[in-house]
Structure formats: C-alpha cells, structure tokens
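What follows draws every value from the coordinates through simple rules; no lab data is involved. Given the structure is predicted, the values throughout are model-derived calculations rather than measurements. As a convention, Cβ positions derive from the backbone with ideal geometry for all residues, glycine included, and neighbour counts pool all protein chains shown.
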Amino acid sequence: MCKALTYIWLLAVLALTAGCSFSEGDECTLTEEQQPMLSIYVYAPAQPLLTRADVGNTAATAAEARVHTLQLWVFEHATNTLVAYHQPASTDALNSEGVVYQVPVSDDFVRRRPNVDVYVVANVTAANSGHAFDGNTTRDDLEAAMLTATGLFGATMLTKTVPADGLPMTATLKNQPIVGDAPVFRIGDSYSSMATLRLVRSVSKVRFVFCQATSSAESPKLDINGITLAANVLPQEEYIFLEGAYTGRNSHVGTTYIDTTTPLLSASLGTICETTDPTDFIFKQGMENAQEYEERINTAVSDGHLSEVGAYYLMESDRQLTGSIGYKVGDTEMTPAVFTMSEAGDFSRNHTWLVYAFYGGSKLELNVVSTNGWNDRSEENHETHNW
C-alpha cells in the first residue's frame, strides 16, 4: 500500500512539472514524449471472504485469491466509445498490493474529458468461463457476459477445486469524471485522490464436514450417502459483472432457475471420522471469530477428526439456498436432514458457507454456517453463524 501511494505522489509531481496544464477547450499540443496517460488504480480481491460482521471474515486460500490474468477497458459513458484497453503482461505486483496501471489515451479525449465507465476482469478465460475477451470486446459484450449452469461453477459441471486459470473476478466504476493535468490523468472527482477498483470474486463456496461419536466396533456406523441442493434455488445463468458497485450482498443473476435438484454427492462417503465429543466442533458464539473457527475445522479435518465434502465453487444465487443430507445408520436408511440458509442473498458472490453435521447416537445434528444471521431453528437443525 505504501509503495502504491508513493507511486501516486510521483505521478502527481510528474503532472505538475510536465509543462502542460489545460481544461476543456484549451489548446495544448502534446509532444510524443508527453503522450497523455490515464491512471487506473486496481486492487486484488480482499483476502477475507465475506461473513457476518459480528464474527468476522475468513481468509481466502492462496488459490482463491490469486490473480493470473487481468484485462481492463475504459469506455466513454455517454457513447460506449472505447477509450483504452489494457492487458498487463504480469500480475505479480497486483497479488501483493494495489497497482496503478497507466494506459495511453488520445489528445481529443483529454481535451473533452467525458465521463467514463471502467470494466476490469481477472481470470476470465474461455477455459473457466466460456469467454475470451480482447481489445475488440464492447461494453455491451461485457455487460451481457454470463456464467451458465452447464459450465464451470454451474450445477452440471461441479467445480471442486480452483481452476488453473483462477476464480473469475470483476470490478467496475461507472460515470466517472476525469481529473488531472497533462500528461497524466486519473479517474475520480478529486485532485487529491484517485478512484479505485477492488476486484470481487464472481462465485461463492459451500463446504460440508461430518463426524460421529466414538462407539464400539459393534455399534451401527454413520454413512453419508447423498447431499442435494433443492430445486429452484440455483440460477441457470449469472452475469459476470454486477449492475452497480459491490455492497457485499448484491448479486446479478438471470431470470430462470434450475427446476430440478442438484446432487453434490450421489454415493456413500465411506468411513466417517469419529471423535469423543462431536459438539466440540460447533461454533463457539462469543468466544471465537469466523477465522478462528475455520482454522479449528481445518485442523480437525487434517488430523482425521472430521470428514469433508467439497468445497464446491458455484455461481451465486439471490435465493435462499436449502438442501438435504441423506444418511444411513448401520443398514437403516434415515429421514434426510434438511439444511437451510437464513435468508435470500446469503449466497451472493464472494461468500462462503459451511454445513457441519454430526451423529451423536440418535439423529444427524446440523450446524449451518451461513452468511447472514443465525437462529436456533430446532433441536435437530441449529444455525450458528456465518462465514
């Protein structure tokens, strides 16, 4: 951050000493050495994934946070005319700090200084999203671009690991003024600051962990044999870009939804880990934050105390997600246990969700770690917190 701020200060000094300052309508011819440049400040996605404010955030993994490729476009807001396109050769710096990208613009543009729309995508490729953008991509193309149910992150082709190209991310700024003095200009309404774009992951994550109480060798064992999301909760399509600024809970999906159930697990999970007291892995409200809880769960998985399914990376949804877990105890098929998010919007982009299910000897108990609010629904299905 300090390096980036220092860079901005140096840009300001350069602009003041360039010997050419003008406003709209002024005549000022720039030499080749004074090619006008537009500075655009981009941040990588926040390391934490969103969760409820009173329990904190959880850190993204390195793979979830990594920016592999970046593309940005600047369009005149009123006309859709392309002002500039830029694709940096390397994103290494962006993965450690904010970066100011400088893109050349025309003399005519800086004389007129029309308001602009800026679109930034990261990790959006034909392989992971079905899109191959370039300098000929229009603003309408970007606005219309979608992820689909039949591609990666959809219900048909379940994505259980971060693709090699990374998770798709976007950021936008719309109807922004241009300020600055030749040859260096920037986006924003203040000479003392620069508007910034923070990349946001376009997908969300759900994860399941299980265990059972330690019992004798003769006791019937827990068998998890299915995990299903309900019909009409996942969209058929999701727009890659949001309609406006990211608020932490807004989404942008199509108008149709998958009208059949979505199986996440369709076969027996196999041997389920055992532990002396399964309630040890319930979130301790008021005693730990989301990151501490996640680390505790991860350690338990690594140490063989919890069995894991997922994570699954899915398109966002603006609906309340619900589903069921099928299980047997010994040879007895039990009534599936139902899990439900607190409310619609809890699975908007850049969120995570954890379902912890354990068998203590009578039935499968659920602790749903959702993304907004928590309630003790019943003895059999307890919502505890977000992550």
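Summary of computed values
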| read-out | value |
| --- | --- |
| Additional length obtainable on full extension of the chain from Thr214 to Ala126, 0.36 nm per residue less Cα span | 26.9 nm |
| For Thr125, net neighbour charge (Lys/Arg +1, Asp/Glu -1) across residues whose Cβ lies under 12 Å away | -2 |
| Where a label projected 7 Å from the Cα of Asp140 along Cα→Cβ would reach, residues of the range 244-282 with amide N under 19 Å | none |
| Mean projected area (nm²) of the alpha-carbon convex hull when the range 122-243 is viewed from all directions | 13.2 |
| Rough spin-label spacing in nm, given labels placed 7 Å along Cα→Cβ, for Thr150 and Thr276 | 5.4 |
| Chain lengthening between Glu343 and Asn115 when straightened (0.36 nm per residue, less Cα-Cα) | 78.3 nm |
| Computed over the range 203-386, Cα set: Rg, Dmax in Å | 16.7, 59 |
| For the range 191-307, convex hull of alpha carbons as volume per residue, Å³ | 175 |
| Total formal charge among the other residues, if their Cβ is under 11 angstrom from that of Pro45, Lys/Arg +1 and Asp/Glu -1 | +3 |
| Which listed pairs, of Lys328/Lys363; Lys174/Lys205; Lys160/Lys221, have C-alpha distances above 18 Å, in listed order | Lys174/Lys205; Lys160/Lys221 |
| Total formal charge among the other residues, if their Cβ is under 14 angstrom from that of His77, Lys/Arg +1 and Asp/Glu -1 | -1 |
| Projected-area mean, the range 43-174, by convex hull of Cα positions, square nanometres | 9.8 |
